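Step one of this worksheet: look at the structure below.
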Amino acid sequence: MDGQGPPSEATLAQWEKQYSPSAWSVRFATPAEVINFHVKFVKEESDRNKQLFDTTLDVAYGSGDRDKVDIYGENLPADAPLFVYIHGGYWQMLEKETSAYAVKPLVERGVRVMIVGYELCPEVTLEELVRQIKVASEFVLNYATENGVKHVSIAGHSAGAHLIASMLDQLFQSAVGEELLLLKDVYLISGVYDVQELRYTNSVNRDNLLAINDQNAKRLSPLLASYDHLRSVSEQGALKFHVYVAQHDSDVFREMSSKMYDRLRSFGLSCDLHVLPNLDHFDIVEQLASSDYTITSAILAGVAREQNTA
């Protein structure tokens, strides 16, 4: 991950596999089956939740067709705790409509859920996408302030985790000011935290659809970012980071998560790291549909912690 130029063919072949999460699952015989099951599962679960819960769909936070959020649990009190989810898909696939699988166990326990949609590459560049997620997160914190919400938690999967880690820079902190204190828990799930190698992979970045170059590759890699500005936020508002990765994620994904944990800790931030056994890059979030799942329990414990100290 040194960004020293194009790799050899042998190295590139290794990177292609390392950055292909479906190649590492042990649940199915082929990567295609992993993907097909995931797409079917998240769609069916999301469709079911749209029928089960009071929703407000397609609330615009920006001007793009996809710059919208879906809100679940609208029958809850206006100041109910808010959980925000940003889907993965390597910045070029999936959508909010099929990313509402975490809704049921949270809304049933009094947590309103907001699913964030966003433009996809190559319609926009990865750099532009980070800017859009900052706009979305400003919208979230404004919404929380206007409704008296005291606890906001946010989770991102894969590319979504990258977008959250990239969004939380000093410029964003300056833009939202004291509202950032409402953000209590950040869940980074099987995230991509360094884009320097994957910029060369056809599996992820064919024809450079992410628009990564020598000038922005490091800037778009959260593993190289400073989080020193969040130290005071963490101390004032009890901001906590939670890094999760699956046992059956690839070596590079597990390494990135470990390094992201170390990076956040190096700036004095509260952070824990969990390698979840017997899971892969996809069921690590599919399981969010279950009320007794590790990450779901952590989200609800974070809400309870805040309510007990309020």
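The values are calculated or read from the model by the stated rules, or taken from the named source; none is laboratory data. Treat the numbers as computed from the prediction; the structure is a model and nothing was measured. Cβ coordinates were reconstructed from backbone atoms using ideal geometry, including for glycine residues, and neighbour counts include every protein chain displayed. Quick note on the areas: whole protein, heavy atoms, side chains included, nothing else; ligands and nucleic acids left out. Shrake-Rupley method; radii C 1.70, N 1.55, O 1.52, S 1.80 Å.
When residues in region 257-271 are screened for being under 17 Å from the mean Cα position of the chain (by Cα) and assigned to a strand (DSSP E or B), 1 of them pass. Taking the criterion of being open to solvent by less than 60 Å² (accessible area, probe 1.4 Å), assigned to a loop (DSSP other than H, G, I, E, B) and under 14 Å from Asp283 (Cα atoms), the only residue of region 1-32 that qualifies is Ser25.
The residues on offer are Phe241, Phe267, Phe253, and the sole one that is in contact (Cβ under 8 Å) with a residue 60 or more places away in the chain and not β-branched (Val, Ile, Thr) is Phe253. The residues in region 202-227 that are free of Cβ contacts under 8 Å to residues at least 60 places away in the same chain, closer than 17 Å to Pro21 by Cβ and in contact with a helix residue (DSSP H, G or I) (Cβ under 8 Å, 6 or more places away or on another chain) can be counted, and the count is 1.
If you go through region 33-71 and pick out every residue that is open to solvent by less than 70 Å² (accessible area, probe 1.4 Å) and not in a helix (DSSP H, G or I), you end up with 13.
Where helices (runs of 4 or more DSSP H) sit wholly within region 86-201, those with at least 1 residues that are under 23 Å from Tyr19 (Cβ atoms) occupy 126-147, 159-167. Scan region 76-111 for residues that are open to solvent by 10 Å² or more (accessible area, probe 1.4 Å) and in contact with a Pro (Cβ under 8 Å, 6 or more places away or on another chain) and the total you get is 2. For beta carbons closer than 6 Å, sequence separation of 6+ or different chains, a first residue in region 129-158 that is buried (at least 19 other Cβ atoms within 10 Å of the Cβ) and a second that is assigned to a strand (DSSP E or B) and among the acidic types (Asp, Glu), the qualifying pairs are Ser153/Asp185.
Here the condition is being crowded, with 21+ Cβ neighbours inside 10 Å and touching a Pro at 6+ places or on another chain (Cβ under 6 Å); of Val285, Val245, Val303, it holds for Val303 alone.
Being over 25 Å from Glu123 (Cβ atoms), small (Gly, Ala, Ser) and modelled with pLDDT under 95: is that true of Ala13 here? Yes: the conditions hold for Ala13.
Screening Ala301 on (1) aliphatic (A, V, I, L, M); (2) in contact with a Cys (Cβ under 7 Å, 6 or more places away or on another chain); (3) over 20 Å from Val195 (Cβ atoms) shows it passes everything except condition (2).
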